[in-house]
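Below is one structure, written out as structure tokens; the observations come after it.
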Protein chains: 4
Amino acid sequence: MRFFSDNAAPVCSQVLAALGAVNQIDTAYDGDRWSQQLDGAFSDLFETQVRALWVPSGTAANALALAALCPPHGGVVCHRDAHIQNDECGAPEFYTHGAKLALAEGIGAKLTPESATAVLDRIQKGVHWVQPHAISITNATEYGLVYTPDQVAAIGAVGKARGLGLHMDGARFANAVAHLGCAPGDVTWRAGVDVLSFGFVKNGGMSAEALIFFKPELADATLYRRKRAGLLLSKGRYLAAQLLAMLDGDLWLANARAANAGARLLAQAAGDRLVHPVEANEVFLKATPEEAAALRALGFDFYDWAPGEVRLVTSWDQSEAAIRPLADAISRL
Amino acid sequence: MRFFSDNAAPVCSQVLAALGAVNQIDTAYDGDRWSQQLDGAFSDLFETQVRALWVPSGTAANALALAALCPPHGGVVCHRDAHIQNDECGAPEFYTHGAKLALAEGIGAKLTPESATAVLDRIQKGVHWVQPHAISITNATEYGLVYTPDQVAAIGAVGKARGLGLHMDGARFANAVAHLGCAPGDVTWRAGVDVLSFGFVKNGGMSAEALIFFKPELADATLYRRKRAGLLLSKGRYLAAQLLAMLDGDLWLANARAANAGARLLAQAAGDRLVHPVEANEVFLKATPEEAAALRALGFDFYDWAPGEVRLVTSWDQSEAAIRPLADAISRL
Amino acid sequence: MRFFSDNAAPVCSQVLAALGAVNQIDTAYDGDRWSQQLDGAFSDLFETQVRALWVPSGTAANALALAALCPPHGGVVCHRDAHIQNDECGAPEFYTHGAKLALAEGIGAKLTPESATAVLDRIQKGVHWVQPHAISITNATEYGLVYTPDQVAAIGAVGKARGLGLHMDGARFANAVAHLGCAPGDVTWRAGVDVLSFGFVKNGGMSAEALIFFKPELADATLYRRKRAGLLLSKGRYLAAQLLAMLDGDLWLANARAANAGARLLAQAAGDRLVHPVEANEVFLKATPEEAAALRALGFDFYDWAPGEVRLVTSWDQSEAAIRPLADAISRL
Amino acid sequence: MRFFSDNAAPVCSQVLAALGAVNQIDTAYDGDRWSQQLDGAFSDLFETQVRALWVPSGTAANALALAALCPPHGGVVCHRDAHIQNDECGAPEFYTHGAKLALAEGIGAKLTPESATAVLDRIQKGVHWVQPHAISITNATEYGLVYTPDQVAAIGAVGKARGLGLHMDGARFANAVAHLGCAPGDVTWRAGVDVLSFGFVKNGGMSAEALIFFKPELADATLYRRKRAGLLLSKGRYLAAQLLAMLDGDLWLANARAANAGARLLAQAAGDRLVHPVEANEVFLKATPEEAAALRALGFDFYDWAPGEVRLVTSWDQSEAAIRPLADAISRL
């Protein structure tokens, strides 16, 4: 039974079915009728006019977002545990042509207005120092914590006061919204977010993420960057179809709720072992090597995260029945 | 009836079926069992040890190939009508960090040893001038011509004598091999090719191309570049599966033969109207605007290519019966 | 006697003296009192408000200018014989992060409205094709021809109609102005030039060129690019002093006139041998290898330029007496 | 009396004189007779075969050095207070095309084998994580501390064991050597340094630093990068002459000794106020805002460095008599 990554989960049946449904002749790249629906569909979801582009990976979405917000000689404030800093092999630096990430502190990989301000205040004005152009936050964070609309807005306000853009890495945005129970617009543009990387792959998709521009004009140059990076697939309708299938009937939300429910089940079993509150679909657990080995001996797969700490990730496809044995095993540790 | 692009064609059923077959839990990125089979499967096909990477687009494959062969301060010789020069929005410059393309002449977008040498001889030695590091050719070319193994080898020899790498843009490599009837290795590594962009999407695939390194060590840094560009999809098994499905039973070759046959049918009907010999699946036809309009009035879609010239592209899924009406209409012009 | 390059000429005495005059304590980088005078001094010269930055080389000036006018995914139209295309080892691509140069034709390395338009018209609209963002011309050109204000304005108009910026590579701008006898503003901003690389080194300077922004706001990001490229020397006053010394009493113009006069002397001697009209300080001469050898045997140094063609460059420090022997030798060929 | 930066100091008379001495016709770029002497002169100094390139700034030297050691997708370990991280506006990222700096701890901006190892051990193997390719240290450090040969060797050993290159930012290398009293080779190549940025400008030079490759083959591609960055000045002999003048009779060492002596004088006066031991020409002093104001009221200029801390920098041209008043004033605080 695997709990090591939501990337390991299969693709949900509606997404696979959608691939078959668009398997017909149409215009190449993003000229097809499905790609052309994305702006409208996501504008409806977010209750404002957006530009929505499919891209084949979350790393690509993040890097294109940052390139839209920050020039090569600029900087982006993010948490020191952010995915863009640690896990993308320098994709932000590649796409921005060498912008720097300025690293901020915060519990659970969560930036605060104070920690962002602390970093910003340290940057002297002048050409010798990389000037900040944007802030990037991850919602849900790399440790499964969720920013509320108010928290996002507070960080957004710090940035706006200095003329900075705001990017949200939403690799697990669905899980965040499912936890918050708010409208997707509440925790994004209404709170100051300019660009969102809206993840679908971890949540039941196959190969399409959505890059959402709440400032539509930012999309213009991004279209060139997407092409120039080899990210403009020639049969784009097979990516658009995935996104439309997951928006249909709010499948994205249902999948995220299922994954979150699984994590809550584990969290209840974990009790004092929890390293962070469980708000999305990740559970960080204190466990000795012996305890971890005991769980693995029962057939559960997961990553060691830090000494004495393991990470369990639940997925959209795991029912309560599928999760229960691990929850029970944790209880019995 | 569309003849404007093989990118408009649907995905073949075996590829779609393969997506369903791998729709199960497995390791993320390219750690899954299917991605791990690619080196072996392509080494078998090419009868030599290769490294084979999936990438989601032909532009990405080309740009990664060039980045593997050419440093930022170097240059790549290619035909002035090459796709990498004209149709990729500067992807080679992005991935190589600003290398220059040095443009050579040649009929039908085909480089010759002489035209490549002419460009190379013009480049002075010294730090003021961008020095060549590679040659890139397209097989089949942008005008549907096919390089024979001997022709590739002759260009390869020009390059090797100067220490240059050789890249083949094989967006329609399958069509070229189908035309040549040779072993895939004959027109690639045996003729001096170091890296091949092996196209599948135009030939019935959905979202996976193969990047083949005949010098396996060139793949090492490419793995980092692929990740850094956001091209390492997290559910890579759905890309690997497409490639394996098309290798299985030489489906790639059967599809290409079908497309080529359709083009031959049109070529026979076209007679003196042909701008280039038809060797792959593209037909360039002399046609007045009135003649083009007449064909379109019959329901045939295609691109105007140049004044008095149209381009017709046939696809893997078009049977003789599907092509015949256009052939007849051309005959009647 | 050397005629191979004006870069080989010494530094004029006023420039050397200026280095001594500023050899005192002052603020580092460009905070010193001399660097701070540049905007004013060049604004006076050009009769409009400009921003003027010292840079240590013409290649740096050109590349920074292009980076100010063109994004990484854009293109710049220039002559196929332009210095930025041929002789800067890819500096434009480095500074623009991979923008492409689109090459136009024209006699004597001179762009025309028609040749620029021809290149621009060939570029399709859309994300697959690198879109033009600027035009770059060289005045005087690489073949010693001079654009008149009207000619510049005509090209500028072509660009402005399409929203393009206009850069002038003025490595020999002084020679062009000396030939034209116009105000420096006439052939630059009044004719639509946005950025000028104003060369001083070939004209008696040592290590400082001026980068002039007629749209002052373009200088803002350039200040960061200059620093980031290691071009912001810590003792900037020694560069500023060179520029101020050459502006003082129009030394730049006197030096250029002297160099041009030398070239005219050679041109008169050359008669029918001239490949191009001589308008600045370069003379391109038809000469057989035997004739070239004969001149060299007399002690004259110069470059072979093309088969049967040699290039003679005169410098600010060569008096008529110094030039006369070569003129005579040419006459006697 | 200024103590805010050694960049504010004038140029020493020998350097100015050297400019006059080379003010004659010679080959452009680095083909002149003086530039051609650099390899030999620095090989003599370092007692091993080196390649030595002039560059116009320390930032350029550092960035070119890192580009020679680290690919775009790689990383460089340095101290979090390093000049390359904080004060060069992202030059390393520009020249390396987006490599990342991995930041290590250490007192007085000094890396230790332990702190470097701690950073290196945190980097997971695999394509998701930027892999280290080099270590960069500053000698003397940004806080005026000097690495001994043994200390450099210990860090070098950490790097070599992992296949990493070692760069030394020697903006104040002369001050370090003057402090150590060792041979220049002892604290560089004999201790594992591959590339040295050898600073001259702060030490009495005008506009030339030396980039020293102890692995000569690393210079080959650097020559192209230097040109491509616009750093290859056309009248290179005026840079070479500066370096040769400072090597002549070990002027570089005499100047550094003078600057260090000045700092020692201040250090003796400062006593317990010292934040760091004074080993080079920088003195970091605890001083209340009132105390700082009192010193400034006496005519002494310097930077506030941190709350309650000021920085005093002495220069090659300040005699004991010139320093003494400040020393006395500090004593009296």
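The values are calculated or read from the model by the stated rules, or taken from the named source; none is laboratory data. Note that the structure is predicted; figures quoted are calculated from it, not measured. Note that each Cβ is placed from the backbone with ideal geometry, even for glycine, and that neighbours are counted across all protein chains shown. The area values use the complete protein model at the heavy-atom level, side chains included, leaving out ligands, DNA and RNA. Shrake-Rupley method; radii C 1.70, N 1.55, O 1.52, S 1.80 Å.
Rounded to the nearest 20, the Cβ-based charge dipole of the stretch B:1-85 about its Cα centre (Lys and Arg +1, Asp and Glu -1) stands at 260 debye. Distances between copies at C:LYS286, taken between label points 7 Å from Cα along the C-beta direction, are 3.8, 8.5, 9.3 nm in increasing order. Selection among D:ALA176, D:THR188, D:TRP129 by position relative to the dipole of the stretch D:121-214 gives D:TRP129 as farthest towards the positive end (Cβ unit charges, Cα centre).
Here the sum of -39500 (n - 2.57) over DSSP H runs of 4 or more residues, divided by the residues of chain A, equals -12000 deg cm²/dmol at 222 nm, to the nearest 500. Between B:ASP248 and A:GLN24, the C-beta separation translates, for a Förster distance of 22 Å, into a calculated FRET efficiency of about 0.40. Computed with a 1.4 Å probe over protein heavy atoms only, the accessible surface of the stretch B:110-195 comes to 33 Å² per residue. FRET efficiency for the pair D:GLU320 and D:ALA293, taken as 1/(1 + (r/R0)^6) with r the Cβ-Cβ distance and R0 = 22 Å, rounds to 0.30. Excluding ligands, DNA and RNA, the accessible surface per residue across the stretch A:31-88 is 27 Å² with a 1.4 Å probe. Based on C-alpha pairs under 8 angstrom that are at least 6 apart in sequence, the stretch C:142-223 has a relative contact order of 29 percent. Counting charges near B:THR48 (Lys, Arg +1; Asp, Glu -1) among other residues having Cβ under 13 Å from its Cβ returns a value of -2.
For the stretch B:180-324, the square roots a ≥ b ≥ c of the C-alpha gyration tensor eigenvalues yield an a/c of 1.5 or more together with a/b exceeding b/c, which makes the shape prolate. Magnitude of the charge dipole for chain C, about its Cα centre and with charges confined to Cβ atoms of Lys, Arg (+1) and Asp, Glu (-1), is about 520 debye. Any idea of the total accessible area buried by the B-C contact, 1.4 Å probe, rounded to 100 Å²? So the total buried area for this chain pair works out to about 1300 Å².
Phi angles across the stretch B:158-163 convert, under the Karplus curve 6.51 cos²θ - 1.76 cosθ + 1.60 with θ = phi - 60°, into 3J(HN,Hα) values of 4, x, 4, 4, 10, x Hz, Gly and Pro given as x. Burial annotation for the stretch A:229-272: residues with an accessible-area loss of at least 10 Å² between the isolated chain and the complete set of protein chains, computed on heavy atoms with a 1.4 Å probe, are A:ALA229, A:GLY230, A:LEU231, A:LEU232, A:LEU233, A:SER234, A:LYS235, A:ARG237, A:TYR238. D:LYS215 label point (Cα plus 7 Å toward Cβ) to equivalent points in the other copies: 1.8, 4.3, 4.4 nm, shortest first.
All other residues whose Cβ lies under 9 angstrom from that of C:ALA61 are scored, Lys and Arg at +1 and Asp and Glu at -1, for a net of -2. Relative contact order of the stretch C:233-288: 25 percent, from C-alpha pairs under 8 Å at least 6 residues apart in sequence. Restriction of the trypsin sites (Lys or Arg not before Pro) in the stretch B:247-285 to DSSP coil positions whose beta-carbon has at most 12 other beta-carbons within 10 angstrom yields no sites. The value of relative contact order for chain B, using C-alpha pairs under 8 Å at least six residues apart, is 23 percent. Of all beta-carbon atoms in chain A, the one sitting closest to the axis that brings chain A onto chain B gives A:PRO56, 2, with the distance in whole angstrom. Couplings 3J(HN,Hα) for the stretch D:309-317, derived from phi with the Karplus relation 6.51 cos²θ - 1.76 cosθ + 1.60 (θ = phi - 60°), are 9, 10, 10, 10, 10, 9, 10, 4, 9 Hz, where x marks Gly and Pro. Close amide-amide hydrogen proximity is noted between D:GLY75 and D:LYS100, D:GLN131, D:HIS133, D:ALA134, each under 5 Å apart and 5 or more residues distant or on a separate chain (H modeled in the peptide plane; Pro and chain starts excluded). The label point for B:GLU309 and the one for C:LYS125, both projected 7 Å from the Cα toward the Cβ, are 2.4 nm apart. For the stretch B:214-333, what is the accessible area per residue in Å² when the probe is 1.4 Å? Spelled out: the 1.4 Å probe surface of the stretch B:214-333, per residue, equals 38 Å². Going from the isolated chain to the complete set of protein chains, the stretch D:91-131 loses at least 50 Å² of heavy-atom accessible area (1.4 Å probe) at D:GLU93, D:PHE94, D:HIS97, D:LYS100, D:VAL127, D:HIS128.
Amide hydrogen proximity for C:TRP305: with H placed 1.01 Å from N in the peptide plane, the residues at 5 or more positions away or on another chain lying under 5 Å are C:VAL310, C:ARG311. Ranked from shortest, the separations from the 7 Å Cα-to-Cβ label point of A:GLN37 to its equivalents in the other copies are 3.3, 7.0, 7.7 nm. Each 10 Å bin from zero holds the following percent of Cα-Cα pairs in the stretch D:155-249: 14, 42, 34, 10, 0. For the protein assembly as shown, a simple Cβ point-charge model (Lys and Arg +1, Asp and Glu -1, everything else neutral) yields a dipole of about 0 debye relative to the Cα centre. For the stretch C:209-284, the residue among C:LEU266, C:PRO216, C:ALA229 whose Cα projects farthest onto the positive side of the dipole built from Cβ charges is C:ALA229. Dipole orientation for the stretch A:1-126: of the candidates A:ALA17, A:ALA68, A:ALA52, A:ALA68 has the Cα lying most toward the positive pole (charges on Cβ; Lys, Arg +1; Asp, Glu -1). Expressed as a whole percent, the accessible surface of the stretch B:178-333 that belongs to carbon and sulfur atoms is 52, based on a 1.4 Å probe. On the stretch A:1-71, 48 percent of the accessible area sits on carbon and sulfur atoms, based on a 1.4 Å probe. The mean number of Cβ atoms from other chains found within 10 Å of a Cβ in peptide A:193-203 is 1, as a whole number. Mean-square fluctuations from a GNM of chain B, with a 10 angstrom spring cutoff on Cα atoms, peak among B:LEU66, B:LEU233, B:LEU266 at B:LEU233.
When the listed pairs A:LYS235/B:LYS286; A:LYS100/D:LYS160; C:LYS235/D:LYS227; A:LYS160/A:LYS215; C:LYS202/D:LYS202 are checked against a 18 Å cut-off, the alpha-carbon distance exceeds it for A:LYS235/B:LYS286; A:LYS100/D:LYS160; C:LYS235/D:LYS227; C:LYS202/D:LYS202.
Local charge for A:ASP32 was computed over the other residues whose Cβ lies under 10 Å away, with Lys and Arg +1 and Asp and Glu -1, and equals +1. Under 5 Å between amide hydrogens, built in the peptide plane, is the criterion, and for C:LYS235 it picks out C:TYR29 among residues at least 5 positions away or on other chains.
Note on B:LYS160 and A:LEU274: their simple-model spin labels are 6.5 nm apart, each label 7 Å out from Cα toward Cβ.
Computed 3J(HN,Hα) for the stretch C:119-131, one whole-Hz value per residue from the Karplus formula 6.51 cos²θ - 1.76 cosθ + 1.60 where θ = phi - 60°, is 5, 5, 5, 6, 7, 6, 7, x, 6, 7, 10, 4, 8, glycine and proline marked x.
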